[in-house]
Each structure stands twice: as C-alpha cells, then as structure tokens.
Amino acid sequence: MDWNRYRFRSVWVLPAPPAEVYAVLEKAEEYPAWWPQVRSVTPLDDTSGVAVFRSFLPYRLTVVARERRRDPAGGVLEIGMTGDLEGWARWTLRPRAFGGTRAVYEQQVEVRKPLMRRLAVPCRPVFRVNHAWMMRGGRRGLTARLQPV
C-alpha cells in the first residue's frame, strides 16, 4: 500500500437544482467566500489557478488546479492538480427525484508535501479526518450559499 495515495468520495444533498449548484461550483475563485477551508484561489488564466487549503490541522496545502473537464449539460467539473497534491478531483451533479441536487465529489491524489509524506503512516487516519472536516465545511457553506435570500 502506498501510504501517500488517497481516494476520497463525498456525497452532498443540496437544496437547489443542478444548474444552480453548477453555476456556483464552476466559479472556483469564489470558493473562499463560502468554503472556510479554501483559503484562497488565485486565477492564473481562464482554465487554471493556485488554490490554498487549510482545514483543522495546522498546515496548508497549495496546488495548481487546471481544468480537465467542464460539462454543464452533463453536470461534471473536473480538475487536475499539481503541487502539494498530485492527482485529480471531480464534481458530478444529478437531480434528485424530489428536488435539489445530489453532488458527488471524488478525488484521487498523491501527497507531495514533504512533512506529510514523512508522517504518512502514523498520521494517515488524522489526515483522513482532516479531509472529512474540510468537506463538512464545504457542504455547509455551499448549502447556505444556495439558500434563497
């Protein structure tokens, strides 16, 4: 087992139709306004940017994210990442039978940050909890962002 590789999957039930959720998710530069653990997103060009994350643990992760797939009709957004994390992340949005959206977030990455690599074996469970904390913050923030004013 490679202790520096992670696969994550989160499912969020959101109170808005997929097109509205997609419209928020495709504006990565606005994530820090509603997702507390996304500390900054600085665009590099129309399809890439530098993102900085920090969740519960006292370390930051910096990645360059590049658009790999943008499919509003299919409800899919996917990025490739390089930097402290190497890999990809994808949102897949589907309507729910009784309204709202089922948003599936999938991520496959290899940790490149040296300290995290050194701590891979003893801290792996803590790193997974840290990611879950980040995802919980994102779900709460996005849900609030989608609520009618």
Legend entry - Probe 1.4 Å, accessible area per residue of the chain, Å²: 56
Inset, instruction - Only helical DSSP H runs with n ≥ 4 go in: add -39500 (n - 2.57) per run for the chain, normalise by residue count and round the 222 nm mean residue ellipticity to 500 deg cm²/dmol. - result: -9000 deg cm²/dmol
Legend entry - Three-way shape label, region 1-52, alpha-carbon gyration tensor, a/c 1.5: oblate
Legend entry - Calculated log₁₀ intensity ratio I(q)/I(0) where the Debye formula runs over C-alpha points of the chain, q = 0.13, 0.18 Å⁻¹: -0.58, -1.11
Inset, instruction - Run the quick spin-label model on Glu30 and Trp3: label points 7 Å from Cα toward the beta carbon, then report their separation in nm to one decimal. - result: 4.2
Inset, instruction - Could you tally the net charge around Gly83, taking each other residue with its Cβ under 13 Å from the Cβ of Gly83, Lys/Arg +1 and Asp/Glu -1? - result: +1
Legend entry - Among Leu85, Ala73, Thr101 the positive-end extreme of the charge dipole of region 49-109 (Cβ point charges): Thr101
Inset, instruction - Compute the acute angle (0 to 90°) between the alpha-carbon long axis of helix 120-146 and the principal axis of greatest extent of the alpha-carbon atoms of the chain; round to the nearest 10°. - result: 20
Inset, instruction - Would you mind telling me the share, in percent, of accessible area of region 11-149 contributed by carbon and sulfur at probe 1.4 angstrom? - result: 57
Inset, instruction - State the Cα centre-to-centre distance between region 100-149 and region 47-67 in whole Å. - result: 11
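The values are calculated or read from the model by the stated rules, or taken from the named source; none is laboratory data. Note that the structure is a prediction, hence the values are computed from the model and not measured. Here Cβ is always computed from backbone atoms with ideal geometry, including for glycine, and neighbour counts include all displayed protein chains. To get the accessible areas, we keep the full protein, side chains included, count just its heavy atoms, and leave off ligands, DNA and RNA. Shrake-Rupley method; radii C 1.70, N 1.55, O 1.52, S 1.80 Å.
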